[in-house]
Amino acid sequence: MNKQLFQGFTSLSDTGGSGAFSEKRTSRKINTQPKMKSLFCRSMFLAVAIAITGKISAQNTFPSSGNAGIGTLTPVKPLNLKGQSLFEAITTGDGGGRFFFDRPNSTSYENMLSFSTGGFASYKWLMGMDNDASDDFHVFGPGAVSMINIKGTTGFIGLGLNSTVTPLSRLHVNGSAVFAGSASATPASAAYIRGTNSLSTAALPDYTWYGDLTSGLFHPAASVMGFSVAGAEKMRIHSNGNIGISTTNPLQALHVSNNVLIDGFSSSLFFGEVAGTYAYGEYGIEYDKPVGLPGGLNFWKPFGAPSNGALMNYILYLNDNGKIGINTNNPTAQLTVNGKTLIGDPAVVNINTTGNYNLYVQNGILTEKVRVSVVNTAQWADYVFADNYKLRALSDVESFIKTNKHLPEVPSADDVLCNGVEMVEMDATLLKKVEELTLYIIEQNKRIESLETKLKDKQ
């Protein structure tokens with residue numbers, strides 16, 4: 001077996017000093033005695049196989065020139081190994097069990113280990129040093145897609161980067177990443193990312209973006225998470241679950257120490273009593289812009305709310321002109337109420353049994369002026385002076401008063417106590433009685449004048 005048989009592949013030192021290799025094939029023994037120097041082997045596979053077993057089976061072929069085969073008689077490459085292989089260290093310390101890939105120079109040769117399923121003409125996976133001047137290590141997937149790129153000078157690892165792109169940190173991922181693990185109490189079995197600092201500051205957060213090292217997630221105190229922008233804290237989540245924006249001491253579930261803007265068409269702020277019972281809660285507040293009307297702040301009750309399933313819109317409406325509407329989105333006065341209004345104690349004043357009115361006042365009204373209007377002229381008492389008006393005889397009035405203890409058409413004290421009085425109606429009734437009294441006086445005056453004339457004539 002001559003020296004030329006092993007040229008062109010990885011190197012192996014002659015550790016025994018004799019440079020002897022032996023091949024046992026049936027009953028023939030072959031010895032080689034090259035010079036006392038390192039041998040050039042066709043492959044580390046062949047060298048280790050010979051060193052371990054000391055014999056070649058009948059399925060191996062080692063011609064004086066051409067391809068050598070281990071486990072095959074028809075090798076298609078300089079070394080063709082078919083079957084399993086075992087590599088063992090033969091010395092202690094560094095280098096005792098290494099597998100060497102070498103290249104003559106760093107600019108045109110590659111050291112790659114390829115894995116294929118369709119023969120040597122194609123590969124599925126490839127790993128090693130590429131044919132460039134760097135010492136970078138690459139792993140390529142099917143279709144020569146770069147999967148892993150390890151920078152030789154820094155040790156930085158790139159995942160999903162092009163082989164020509166330099167990783168910018170210890171781990172540089174191009175694309176999404178999933179960290180998964182079993183959810184147990186021990187961190188060793190759960191998926192997590194952990195910063196090295198026990199506590200950190202807004203100016204130097206633990207987790208940042210490349211090129212923006214002062215914006216990110218930091219750890220200001222035990223069980224507290226902070227968020228910083230441009231080195232300043234903007235938000236934090238306290239250990240009690242409270243969230244603070246522009247404050248480091250959130251006192252409620254959401255504590256904002258600044259202005260809050262809720263923008264967008266029909267954007268609402270919802271309120272509810274029991275968490276999780278209804279998505280929109282019991283009440284909502286929104287900015288509403290009715291067609292053709294000024295916009296305003298609308299307090300409304302969503303459809304399907306637990307306490308009342310019906311939609312109740314414009315319960316309270318504050319329009320852009322400073323006017324307030326109740327049950328209306330078109331307040332025309334400073335306060336416009338579309339419905340009944342009670343000023344007083346509802347336990348005392350029952351608005352459902354005292355008539356069809358819109359304003360109920362329990363303890364009276366103090367005002368400088370009261371102006372009462374009528375719907376039409378028939379509600380006022382001018383008809384008393386009409387020529388066809390039939391005035392009640394005074395004797396009839398006297399009889400009615402004796403029986404009822406009040407004037408005709410005037411409510412009694414009991415009626416007023418139970419039902420009150422209609423101001424317009426009462427004023428019209430009183431005016432009617434004044435006008436009737438005026439007619440009675442005119443009539444009496446005529447009778448007096450007539451009697452006076454008759455007396456004069458008799459004298």
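The values are calculated or read from the model by the stated rules, or taken from the named source; none is laboratory data. These figures come from a predicted structure and were not determined experimentally. Quick reminder, even Gly has a Cβ in these numbers, built from the backbone with ideal geometry, and neighbours come from all protein chains shown.
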Qualifying residue in the stretch 272-295 (condition: loosely packed, with under 14 Cβ neighbours inside 10 Å and assigned to a strand (DSSP E or B)): no
The stretch 274-295: number of residues that are free of Cβ contacts under 8 Å to residues at least 12 places away in the same chain and not aliphatic (A, V, I, L, M): 3
Residue tally, condition in a helix (DSSP H, G or I), within 23 Å of residue 423 (Cβ to Cβ) and either of a type outside the set (Gly, Ala, Ser) or free of Cβ contacts under 8 Å to residues at least 12 places away in the same chain (or both), over the stretch 361-401: 7
Boolean, residue 196 is modelled with pLDDT of 75 or more, surrounded by fewer than 11 Cβ atoms within 10 Å (Cβ to Cβ) and either of a type outside the set (A, V, I, L, M) or not in a strand (DSSP E or B) (or both): no
Residue within the stretch 402-411 that is of a type in the set (S, T, N, Q) and in a helix (DSSP H, G or I) present: yes
Residues within the stretch 400-432 that are closer than 19 Å to residue 376 by Cα and exposed (fewer than 11 other Cβ atoms within 10 Å of the Cβ), tallied: 1
Answer residue from the stretch 213-247, given it is outside any loop (DSSP other than H, G, I, E, B) and surrounded by fewer than 14 Cβ atoms within 10 Å (Cβ to Cβ) and is nearest to the chain's Cα centre (by Cα) among those: 232
